[in-house]
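Asks: Please see the structure below; I have some questions.
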Amino acid sequence: MIKDITIGQYIYKDSFVHKLDPRTKILISMFFMFGIFLINNITEYVYVLLLTAMTIYMSQIPLMKIIKGLKPILPLMILTVIMNAFFTSGTTLFSWAFIRITREGLYLAGFMGIRIFFLIIFTSLLTLTTSPITLTNGIEGLLTPLKKFKVPAHEIAMMMSIALRFIPTLIDETDKIMKAQKARGADFESGNIIKKTKSLVPILIPLFISAFTRADELAMAMEARGYRGDEGRTKFKELKYRLADKVILFLFAVLLVFLIIRKIAL
Amino acid sequence: MAVILENVYYKYDVDDNTSEEYGIFNISMKVEQGTTVGIIGKTGSGKSTLMQHLNALYLPQKGKLIVGDFVIDKKSKDLKNLRKKVGMVFQYPEDQLFEETIYNDLAFGPKNLGLSGDELNSAIKGAMEDMELDFEAMKDRSPYELSGGQKRKVAIASVLAMNPEILVLDEPTAGLDPKSKNDLLNLLISIKNKRNLTVFFVSHNMDDVFWLTEYVYVMCDGRIVLEGEVNEVFKENQTLKDLDLGVPFSVEVLEHLKNRGIYEGPLHPMRLESLAALIADILRGKND
């Protein structure tokens, strides 16, 4: 029942996008995110669509997977569109009682919808083509220069990979405890929201206890194997920018700079 | 309560029509009221899946179960009344403890079933006494400050507090030290007799299965591959070994004696005292 949850659903394929350096992928996703908010006309969104379609094609990820990923975000998208449509001031197109829809509101709502759409697709492409471990490696790599400013880059990355590693374990554990409590007559489905929340206590307490025990044991196991944090630690897989990474990063950076300059100039 | 299973199937991934991976496949069994049956099989053979059908944590996708007056098939509802009758002790049951006091933890099950007042109190008291836990001294203590063996007893008491008529024990002694293990098994035997329970005992320890049970089902890949009276099943030395299972210690010893040509009788499983007597007889015979 609870096993249907998937987080960071990486799909293994031997594609160009998969092979890119995780730092490249994280950076261009960020560039893309900024860029998308600097664009505000339909023709340019067509280009964005082409770019996205090309990336999906090259990543060899089935299109259905990506569309499925959009589903949970749908309510958020609709809400954003409605909020923008109703609460933007400008020339009134239509009004009834306290509701007023303006031309500017409609434009903005449309653009916001499109932006969120692209945002979700591009970021889910990132997690679909990069395994969680590679992703945390990439984040560590990107944060490393910040060590000068006392940012604990390695610790953050280690925490993230441990958290990701334990998600399936905790899901199994939850499933097991839920069953045990159900066998004792617990009821998680019926009742109002307060009753339902209260019914979670018999799951959460054992879950927390086992999580802390596990954390303790893991810390001990890591120490026993000589883990002392970042210092002196070598990597099995060193991250390295290849030519393709450099070219793509350069192109995206140029594009973003162009968009920023245009925004300021106009 | 008697338990009857009729051609029960369960598949984890229902949508996957290509896969032949069944959790359990065409299981039929008939367990009389008051008997203790053993379920053995290697890890992943479907034992736990089967046990979780007995109180409808899983509903059979095909076939049906008859537990006392309850008939369970894929559309069954009102499972609470069934769960009241079938007590499940999972592996490492102490993981389910969550209340501040032992009393409250034991009250969780019966309260869910609608018990209150004196009825609740006597159910808890009875369960604790049966598990040899001192009611007055322990009821207000936290279950977390107990030793492993005591915690296990509290967890089992929390199931007994629901006054089940069938008890499912999934590896109840896993991780316990030898003394706690023997104490617990002895306790379970006396509880079974006192409460006249029907018991399902899942274990990897063949000596425990031989000691506790009367009838044994052997599972492999979700199917029952061997069943019978405990004495009969444990004679199938080779079959059990082929299934990655063992035989009771006594059978192992007898087989070695047979291989060395100093014993010719059947490979009966037996208690250690009887085994010692048998070996003593052989030795005396040799000395003559």
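Asks: Which of (1) in contact with a helix residue (DSSP H, G or I) (Cβ under 8 Å, 6 or more places away or on another chain); (2) more than 30 Å from A:Lys235 (Cβ to Cβ); (3) modelled with pLDDT of 85 or more does A:Ala53 not meet, given it meets every other one?
Replies: Failed condition: (1).
Asks: Looking only at the stretch B:228-256, which residues are in contact with a helix residue (DSSP H, G or I) (Cβ under 7 Å, 6 or more places away or on another chain), of a type outside the set (S, T, N, Q) and not in a loop (DSSP other than H, G, I, E, B)?
Replies: B:Val230, B:Phe249, B:Val251, B:Val253, B:Glu255, listed by residue number.
Asks: So A:Leu256 passes all but one of these: (1) in contact with a Phe, Trp or Tyr (Cβ under 9 Å, 6 or more places away or on another chain); (2) of a type in the set (A, V, I, L, M); (3) surrounded by fewer than 13 Cβ atoms within 10 Å (Cβ to Cβ). Which condition number does it fail?
Replies: Looking at each condition in turn, A:Leu256 falls short on (3).
Asks: If you don't mind, another one. Mind checking which residues of the stretch B:96-125 are in contact (Cβ under 8 Å) with a residue 12 or more places away in the chain, surrounded by fewer than 20 Cβ atoms within 10 Å (Cβ to Cβ) and either within 26 Å of B:Ser203 (Cβ to Cβ) or facing chain A (nearest Cβ under 9 Å) (or both)?
Replies: Those that are in contact (Cβ under 8 Å) with a residue 12 or more places away in the chain, surrounded by fewer than 20 Cβ atoms within 10 Å (Cβ to Cβ) and either within 26 Å of B:Ser203 (Cβ to Cβ) or facing chain A (nearest Cβ under 9 Å) (or both): B:Glu99, B:Leu113.
Asks: A follow-up question, please. For the stretch B:239-288, name all the residues that are among the polar types (S, T, N, Q) and touching a residue at least 12 places away in the same chain (Cβ under 8 Å). Explain how you work it out, then say what you get.
Replies: Our first condition is that a residue be among the polar types (S, T, N, Q); within the stretch B:239-288, this holds for B:239, B:250, B:259, B:274, B:287.
Within the stretch B:239-288, B:Thr239, B:Ser250, B:Ser274 meet the criteria.
Asks: Something else now. Of the residues that make up the stretch B:58-69, is at least one closer than 23 Å to A:Thr174 by Cβ and more than 8 Å from chain A (Cβ to nearest Cβ)?
Replies: Initially, the stretch B:58-69 is screened for residues closer than 23 Å to A:Thr174 by Cβ, giving B:58-59.
Now narrow it down to the ones that are more than 8 Å from chain A (Cβ to nearest Cβ): B:58-59.
Yes, that holds for at least one residue.
Asks: Please state which one of B:Leu187, B:Leu167 is in contact (Cβ under 8 Å) with a residue 60 or more places away in the chain and either buried (at least 16 other Cβ atoms within 10 Å of the Cβ) or over 12 Å from the mean Cα position of the chain (by Cα) (or both).
Replies: Numbers: B:Leu187 fails: in contact (Cβ under 8 Å) with a residue 60 or more places away in the chain.
Checking each option against the conditions leaves just B:Leu167.
Asks: Taking the condition of being surrounded by fewer than 15 Cβ atoms within 10 Å (Cβ to Cβ) and either of a type in the set (Asp, Glu) or within 23 Å of the chain's Cα centre (by Cα) (or both), how many residues in the stretch B:256-288 meet it?
Replies: Number satisfying all stated conditions: 6.
Asks: Quick check: is even one residue across the stretch A:57-75 of a type in the set (A, V, I, L, M), in contact with a helix residue (DSSP H, G or I) (Cβ under 7 Å, 6 or more places away or on another chain), assigned to a helix (DSSP H, G or I) and at pLDDT 90 or above? Outline the logic, then answer.
Replies: Within the stretch A:57-75, the first condition is being of a type in the set (A, V, I, L, M), and the residues that meet it are A:58, A:61, A:63-64, A:66-67, A:70, A:73-74.
Add one more test, that the residue is in contact with a helix residue (DSSP H, G or I) (Cβ under 7 Å, 6 or more places away or on another chain), and what stays is A:58, A:61, A:63, A:66, A:70, A:73.
In the following step, the residues that additionally are assigned to a helix (DSSP H, G or I) were identified as A:58, A:63, A:66, A:70, A:73.
Applying the additional criterion that residues be at pLDDT 90 or above yields A:58.
Among the residues of the stretch A:57-75, at least one is of a type in the set (A, V, I, L, M), in contact with a helix residue (DSSP H, G or I) (Cβ under 7 Å, 6 or more places away or on another chain), assigned to a helix (DSSP H, G or I) and at pLDDT 90 or above, which makes the answer yes.
Asks: Scan the stretch B:113-130 for residues that are under 26 Å from B:Leu79 (Cβ atoms), under 24 Å from the mean Cα position of the chain (by Cα) and of a type outside the set (Gly, Ala, Ser) and jot them down.
Replies: Matches in the stretch B:113-130: B:Leu113, B:Ile124, B:Asp130.
Asks: So which residues in the stretch A:192-238 are small (Gly, Ala, Ser) and either within 12 Å of chain B (Cβ to nearest Cβ) or in contact with a Leu (Cβ under 8 Å, 6 or more places away or on another chain) (or both)?
Replies: A:Ser199, A:Ser210, A:Ala211
The values are calculated or read from the model by the stated rules, or taken from the named source; none is laboratory data. These numbers were taken from a predicted model, which means no experiment stands behind them. Counting neighbours? That spans all protein chains shown, and the Cβs are built from the backbone with ideal geometry, glycine included.
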